[in-house]
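A.B. asks: Quick one: the structure is below, questions incoming.
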Amino acid sequence: MQYDKVKKELNKLLEDMKKLGNCDDDDPDGYGGPKMQDAYDQAVEYSQKQPPEEPDIRNRSSLLARANELGAQVRDGALWVAAGVGGAVLIALEVIARLLGLDLRFRP
């Protein structure tokens with residue numbers, strides 16, 4: 001639901017930008033040009049992406065695959081993750097570790 005909410009907000013911002021056209025009045029610091037076009041193109045790309053599939057919590061291999069996608073590895077009966085991992089990823093890995101019955105440990 002959160003993904004769809006943010007996607008809807010992004011689409012609204014893209015529509016607002018289209019209405020402004022090529023107006024430089026909203027770019028007082030001169031951030032336009034190639035960098036602005038790249039950011040716009042990336043926003044359009046993300047606005048069209050579907051949310052990632054949720055792992056099937058009943059399927060151990062699905063949970064392990066998702067943990068690997070998030071940068072974790074199972075070793076010595078624990079789910080190991082890099083020490084500097086971001087908050088949202090850390091929360092997801094903590095949930096996966098609990099569902100798998102594994103300890104969550106940090107590697108340097």
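The values are calculated or read from the model by the stated rules, or taken from the named source; none is laboratory data. What you see is a predicted model, and the numbers here were worked out from it, not measured in a lab. All Cβ positions, glycine included, derive from the backbone under ideal geometry; neighbour counts span all protein chains shown. In case anyone asks, the SASA skips ligands and DNA or RNA and just uses the protein heavy atoms, side chains included. Shrake-Rupley method; radii C 1.70, N 1.55, O 1.52, S 1.80 Å.
A.B. asks: What pairs can you find where one residue is in region 53-74 and basic (Lys, Arg), the other is in a helix (DSSP H, G or I), and their Cβ atoms are less than 7 Å apart, with a gap of 6+ or different chains?
C.D. replies: Arg60/Leu100; Arg66/Ile96
A.B. asks: While we're looking at this one, here's another question. Out of (1) outside any loop (DSSP other than H, G, I, E, B); (2) in contact with a helix residue (DSSP H, G or I) (Cβ under 8 Å, 6 or more places away or on another chain); (3) more than 20 Å from Asp4 (Cβ to Cβ); (4) modelled with pLDDT under 90, the odd one out for Ala43 is which?
C.D. replies: Here Ala43 clears every test but (3).
A.B. asks: Can you pull out every residue in region 91-104 that is closer than 11 Å to Leu63 by Cβ and either touching a residue at least 40 places away in the same chain (Cβ under 8 Å) or assigned to a helix (DSSP H, G or I) (or both)? Give the steps one after another, and end with the answer.
C.D. replies: Going residue by residue through region 91-104, those that are closer than 11 Å to Leu63 by Cβ are 92-93, 95-102.
Selection gives Ala92, Leu93, Val95, Ile96, Ala97, Arg98, Leu99, Leu100.
A.B. asks: Sticking with this one: Could you tell me which of the residues Ala88, Ala65 is outside any loop (DSSP other than H, G, I, E, B) and either of a type in the set (Lys, Arg) or open to solvent by 50 Å² or more (accessible area, probe 1.4 Å) (or both)?
C.D. replies: Details: Ala65 fails: either of a type in the set (Lys, Arg) or open to solvent by 50 Å² or more (accessible area, probe 1.4 Å) (or both).
Being outside any loop (DSSP other than H, G, I, E, B) and either of a type in the set (Lys, Arg) or open to solvent by 50 Å² or more (accessible area, probe 1.4 Å) (or both) holds for just one of Ala88, Ala65, which is Ala88.
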